[in-house]
Amino acid sequence: MKNRRDFLRNTFGLGAGLAAAPRLFAAPRQASGEGLDMEYMGHARQSSGRMVSVETPDAPQLPWRMADGAKEFHLIAEPVKQELMPGKIVNLWGYNGSAPGPTIQVNQGDRVRIIVDNHLPEPTSMHWHGFEIPVDMDGAPGSSQDPIPPGGRFVYEFTLHQAGTFFYHSHMAMQEMMGMIGTFIMHPKRAYDPPVDKDFAIILQEFAILPNNPIPNSMNMEFNWLTFNGKAGPATTPLIVRLNDRVRLRFINLGMDHHPIHLHGHTFVVTGTEGGRQPKTTWGPKNTVLVGVAEAADVEFVANNPGDWMIHCHLPHHMMNQMSSVVGPMTRGSNGMPAGLGMEEGMGILREGHATSEDKGPSLGRGMGVGSTRDQTLGNGPLSAPQAKHSMDNMPGMQHEGMQMAAPEVAKDANSVPGFPQDAFMEGPAMAMDKMVEKPENYGLRPGWSGFMQGMMTFLRVLPPEMYDKVMALREQQKGKPEPMPGMEHPHHG
Ligand SMILES: [Cu+2]
């Protein structure tokens, strides 16, 4: 009971207001009518018994209805509150209360109508990335259509003959960097060969967010929050598959960086791009796929290796959360706050001189703002066990028991080693928050796992049948319940 109580406290004490926050901005979900939530599930069953719906963990699915001979969807562009991880709520822009927006799934050949309402404070336009449709439906503002004004609406309608992993996004560049993108799956008329048992899509995004600031700096060139479907590890929801399932993962990237996405324990083949299915002759073995900006990549494999396997971007900085200067010590320096280059240079604004000059070049558009380029030398955390315990006792939601409370593993002479510390305190036992991110998909993970999950990172959980069924049953139990995981017991605490 203690575990459960802690979990509820964490969820409702710290998280309740936060979890409810998106509603302030969200449009009513029943925009397309009641009882339609499951209708999208029907999309893939018409031609093949083995085609499966695409799961987008942590991102909602968009319901639709038939109207005037077309599948009709309703998207509302609007500001949203997105919880990147417990307690980290940021102001993004997205669709229907979510950033990234909800997932659209249709069949090849479908007639599709998408009503786009603009609830943003400025004009927007919706682009259907890679769609071979009439130009007046392309969503290029100023050339194919007038931008949709604040409060305005544009109805897009087209017939889709393509198949593959696609996405929609605002065609205002900076709105893209505020989160305005969503997955758009076109299922092929006939299931791909070989068919898969599980199909997942993940959108890769990145944001530059200063400490204590909930609004991303979309002008920045470096990013300290990296997300899978709007969540940073350990808040990402693991992908659950049964041992020996054939699995497809679809990655979509719209940001300022290319992301090498790496899967542990398995070898996959790249079966598709943002342009659709690739011929089998191109399928070579890989375990990392570079998903370039504006690209998509489909990979497939047989999940024949049981275990909880990491999937993550392999850029080292993209496996971190909140990497930024420690602001506190700057306010205590004897010389006042060292500012390095100014805010303007840090944000990429140039008033004099030139961009590649020696004094400006290294920092222009690459700073995190005032004070980020110089800082007091300081470890990322306490350097002794008593200090660690003291500071952790004051942190809400941190775990204080068992292996979670292990003393920092630091050599006695650590401070004499050049370069220390690198990672000793940003990851590890001190950062574990298993209970704060508890959910059915995390059931049975090794205690303390969450201390080592950051940034663009999640698990592929290849589960033997019994465990798979258990996790699925827990997930089913939780559906429609506001209270997550009632009565769940952690197997390691049993
Ligand atoms: Cu990356």
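Laboratory data are not the source of any read-out in this text; all were calculated from the coordinates shown. Treat the numbers as computed from the prediction; the structure is a model and nothing was measured. Ideal geometry is used to build each Cβ from the backbone, glycine not excepted, and the neighbour counts take in all protein chains shown.
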(message) Residue by residue through segment 141-148, what is 3J(HN,Hα) from phi via Karplus (6.51 cos²θ - 1.76 cosθ + 1.60, θ = phi - 60°)? Round to whole Hz and write x for glycine and proline.
(response) x, x, 10, 9, 6, 6, x, 7
(request) Can you grab the distance from the C-alpha centre of segment 251-296 to the C-alpha centre of segment 66-106, Å, no decimals? (result) 25 Å
(request) For residue 434, list long-range residues whose amide hydrogen, built 1.01 Å from N in the peptide plane, is under 5 Å from its own amide hydrogen. (result) 448, 450
(message) Stokes-Einstein diffusion coefficient for segment 68-203 at 10 °C in a medium of 1.306 mPa s, Rh from the Kirkwood formula over Cα pairs: what value in µm²/s?
(response) 102 µm²/s
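How high is the relative contact order of segment 99-201, given as a whole-number percent (alpha carbon pairs under 8 Å, six or more residues apart)?
In percent, rounded to a whole number, it is 38.
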(message) Using the Cα centre of segment 177-307 as the reference point, and only Cβ charges (+1 on K/R, -1 on D/E), how large is the resulting charge dipole? Debye, rounded to the nearest 20.
(response) 460 debye
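Pull out the extension gain between residue 108 and residue 174, defined as 0.36 nm times the separation in residues minus the alpha carbon to alpha carbon distance; nm, one decimal.
Working: separation 66, 0.36 × 66 = 23.76 nm, distance 3.11 nm.
Gain on stretching residue 108 to residue 174: 20.7 nm.
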(request) In nm, give the distance between the simple-model label positions of residue 215 and residue 412, each being 7 Å from the Cα along the Cα-to-Cβ direction. (result) 5.3 nm
(request) Search the structure for amide H atoms under 5 Å from the amide H of residue 278, placed 1.01 Å from N in the peptide plane, and list their residues when 5 or more places away or on another chain. (result) 272, 273
(message) If I take every Cα pair under 8 Å that is 6 or more residues apart in segment 200-318, average their sequence separation and divide by the length, what percent do I get for the relative contact order?
(response) 29 percent
(message) Over segment 156-298, what portion of Cα pair distances is larger than 28 Å, expressed as a whole percent?
(response) 23 percent
(request) Would you kindly calculate the translational diffusion coefficient of segment 131-216, applying Stokes-Einstein with the Kirkwood radius from alpha carbon pairs, for 20 °C and a viscosity of 1.002 mPa s, and quote it in µm² s⁻¹ without decimals? (result) 134 µm²/s
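So which of 71/280; 439/479; 198/470; 71/231; 286/470 end up more than 21 Å apart by C-alpha?
Values: 71/280 32 Å; 439/479 11 Å; 198/470 17 Å; 71/231 29 Å; 286/470 31 Å.
From the list (71/280; 439/479; 198/470; 71/231; 286/470), the Cα-Cα distance tops 21 Å for 71/280; 71/231; 286/470.
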(message) Please compute the alpha carbon radius of gyration of segment 207-262, then divide it by the globular-protein estimate 2.2 N^0.38 Å. Two decimals is fine.
(response) 1.45
(message) Taking loop as defined by DSSP and a crowding limit of 11 other beta carbons within 10 Å, which trypsin sites (Lys or Arg not before Pro) in segment 179-225 fit?
(response) none
(message) At 7 Å along Cα-to-Cβ for each site, give me the label-to-label distance between residue 264 and residue 65 in nm.
(response) 4.6 nm
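Taking only the C-alpha atoms, wrap a convex hull around segment 170-217 and report its volume per residue in Å³ as a whole number. Before the final figure, lay out the partial values.
Working: hull volume 5.2 nm³, N = 48.
Hull volume normalised by residue count: 109 Å³.
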(message) On a full-extension model of 0.36 nm per residue, what is the gain between residue 256 and residue 472, subtracting their alpha-carbon distance, rounded to one decimal in nm?
(response) 74.1 nm
(message) Modelling each spin label as a point 7 Å along the Cα-to-Cβ direction, I'd like the residue 144/residue 190 distance in nm, to one decimal.
(response) 3.0 nm
(message) Can you list residues from other chains, or at least 5 along the same chain, whose modelled amide H is less than 5 Å from the amide H of residue 108?
(response) 187, 189
(message) Through the Karplus equation 6.51 cos²θ - 1.76 cosθ + 1.60, θ set to phi - 60°, convert the phi angles of segment 309-321 into ³J(HN,Hα) values in whole Hz; use x for Gly and Pro.
(response) 9, 6, 10, 7, 5, 9, 5, x, 6, 8, 10, 10, 10
